[in-house]
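Student: To start, I am sharing the structure in question, which I have written as structure tokens.
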Amino acid sequence: MAAVSASTVRGSSSQVRSIAIAGLVIGIVGGLDQTTFFVLTQHFTPVSIFQYIASGLLGPAAFAGGYTTALLGLLIHFVISFVVAAVFILAASNIAFLRRTVFLSAMVYGAAVNMFMSAVILPFSAAPKMPVTTLLVVHGLIADALFVGLPLAVTVWQGARTKNKVRVAA
């Protein structure tokens, strides 16, 4: 059996904490942004927004599920937020370029997540197709750059600062 050093354990628990915090922040801030945007521009209700997310798995039947499918949509939203956070944080821990350019890299990553979700995930999901408008595309790119990218950048940056302080103290 391979030995695991104390610094590896400390590093992995720190990464798990960073992923949890970033995923939670992305989920909350992104959810508030999406809810506000769709309520104001598309006249959706908060419940129907999260039912739409659930419809990616359940199809149009999600809209008849009331609060139950809205809660499923909220759960899916947060699962995606944690996965998005994990991918960037784990990549940044192994790729020095991402750490050196963390704010720019994370904002580009946020916009790329939006493009991936729009071009790959949504078309293959069971969700009803929504009309694509310029406002929807521009808002999605900017919002995900800011509300996905910035929390990730701050998390990685703060983690690097904390790690450097521990090295100096050791």
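The values are calculated or read from the model by the stated rules, or taken from the named source; none is laboratory data. Only a predicted model underlies this, so the values are computations on that prediction, with no experimental measurement involved. With ideal geometry, Cβ positions are generated from the backbone for all residues, glycine too; neighbour counts draw on all protein chains shown.
Student: Between a residue in the range 17-32 that is under 18 Å from S93 (Cβ atoms) and any residue that is among the β-branched types (V, I, T), which pairs come within a Cβ distance under 7 Å, given they are 6 or more apart or on different chains?
Tutor: Qualifying pairs under 7 Å: S18/I89; S18/T155; I19/I89; I21/T155; A22/I89; A22/T155; I26/V84; I26/V148.
Student: Could you tell me whether the range 147-166 includes any residue that is over 16 Å from L24 (Cβ atoms), at pLDDT 95 or above and β-branched (V, I, T)?
Tutor: Within the range 147-166 (the criterion being over 16 Å from L24 (Cβ atoms), at pLDDT 95 or above and β-branched (V, I, T)), the answer is no, since none of the residues qualifies.
Student: Any residue in the range 128-144 that is of a type in the set (G, A, S) and either at positive phi or modelled with pLDDT of 95 or more (or both)?
Tutor: yes
Student: Identify, please: which residue in the range 69-105 is farther than 30 Å from P46 by Cα and touching a residue at least 60 places away in the same chain (Cβ under 8 Å) and is, among those, surrounded by the fewest Cβ atoms within 10 Å (Cβ to Cβ)?
Tutor: L90
Student: Go through the residues of the range 57-68 one by one and say whether even a single one is under 18 Å from N114 (Cα atoms) and at pLDDT 95 or above.
Tutor: no
Student: Does the range 32-52 contain any residue that is in contact with a Pro (Cβ under 6 Å, 6 or more places away or on another chain) and either assigned to a helix (DSSP H, G or I) or among the basic types (K, R) (or both)? First the steps, then the outcome.
Tutor: Our first condition is that a residue be in contact with a Pro (Cβ under 6 Å, 6 or more places away or on another chain); within the range 32-52, this holds for 35.
Add one more test, that the residue is either assigned to a helix (DSSP H, G or I) or among the basic types (K, R) (or both), and what stays is 35.
Yes; the residues of the range 32-52 include at least one that is in contact with a Pro (Cβ under 6 Å, 6 or more places away or on another chain) and either assigned to a helix (DSSP H, G or I) or among the basic types (K, R) (or both).
Student: Working carefully through the options G73, G66, find the one that is out of contact with any His (no Cβ under 8 Å at 6 or more places or on another chain) and at positive phi.
Tutor: Selected residue: G66, the only one of G73, G66 that is out of contact with any His (no Cβ under 8 Å at 6 or more places or on another chain) and at positive phi.
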